[in-house]
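Structure first, then comments.
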Amino acid sequence: MLIIALFAAACGGTPPVEGQMETCDELTCIDGVEVFFDAPAWPDGTYEVLVEIDDLAPVACTVQVPSRDLEVACNTHVWVGIDDFGAPWGIHLDGTEVEWLGVHVSRDGTTVAETDFRPDYWNIRPNGDGCTEACQYATQTVGLFGMDLF
């Protein structure tokens, strides 16, 4: 065990916990909030996504479905993730300072998804419980409504 600890220290990594083969800095994570869309399909079209964070000015972006992009950046901290079929899987916000979050999605002026909530954060340790690095993370799921999906 001493040899493993010395090798890890010489390579600049954090020594592993006994029984753990990787170092504690092998994986990293980002604090954040994710809102997942629970939808069997998204009809083609243009969608407006409005994200409200605490008392800040709303962040808006437009998503075309289907999309060839992997993500659509609304600003430097908010982006919409796109799945393999060109449809949004959800919204990601970097950081954990968010106390209240509202999401509104519309297509042709009609609301198709809406939620607001107070994020309930928990710690994630991507390198295992024996490592000290932890990220704060919260999720919420919202379904689509008010449109013919097929």
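Would you pick out the residues in the range 65-83 that are in a loop (DSSP other than H, G, I, E, B) and farther than 22 Å from Ala138 by Cβ?
Listed by number, the residues that qualify are Pro66, Ser67, Arg68, Asp69, Leu70.
When the residues of the range 95-112 are narrowed to those that are more than 13 Å from Tyr47 (Cα to Cα) and surrounded by 14 or more Cβ atoms within 10 Å (Cβ to Cβ), which ends up modelled with the lowest pLDDT?
By that ranking, first place goes to Thr96.
Please find, among Thr115, Thr76, the residue that is modelled with pLDDT under 95 and surrounded by fewer than 14 Cβ atoms within 10 Å (Cβ to Cβ).
Values: Thr115 fails: surrounded by fewer than 14 Cβ atoms within 10 Å (Cβ to Cβ).
The unique qualifying residue is Thr76.
Looking at Gly143, Gly86, Gly90, which one is closer than 26 Å to Trp42 by Cα and within 16 Å of the chain's Cα centre (by Cα)?
Gly90
Within the range 94-119, which residues are in contact (Cβ under 8 Å) with a residue 40 or more places away in the chain, part of a strand (DSSP E or B) and under 20 Å from Leu144 (Cα atoms)?
Leu101, Gly102, Val103, His104, Val105, Ser106, Arg107, Val112, Ala113, Thr115, Asp116
Criterion first (in a strand (DSSP E or B), polar (S, T, N, Q) and without any contact (Cβ under 8 Å) to a residue 40 or more places away in the chain) does Thr62 satisfy it?
Here the answer is yes, as Thr62 does meet what is asked.
Go through Val17, Val33 for me and flag whichever is among the β-branched types (Val, Ile, Thr), touching an Asp or Glu at 6+ places or on another chain (Cβ under 9 Å), surrounded by 12 or more Cβ atoms within 10 Å (Cβ to Cβ) and modelled with pLDDT of 80 or more.
Just one listed residue meets the conditions, Val33.
Spot the failing condition for Asp54; the list is (1) touching a residue at least 12 places away in the same chain (Cβ under 8 Å); (2) surrounded by fewer than 14 Cβ atoms within 10 Å (Cβ to Cβ); (3) out of contact with any Phe, Trp or Tyr (no Cβ under 6 Å at 6 or more places or on another chain); (4) charged (D, E, K, R), and only one is missed.
Looking at each condition in turn, Asp54 falls short on (3).
When you go through Gly86, Gly130 one by one, which is the residue that is at positive phi and in a loop (DSSP other than H, G, I, E, B)?
Gly86
The values are calculated or read from the model by the stated rules, or taken from the named source; none is laboratory data. The model shown is predicted, which means the values in this text are computed figures rather than measured ones. Virtual Cβ from ideal backbone geometry, glycine too; neighbours counted across all protein chains shown.
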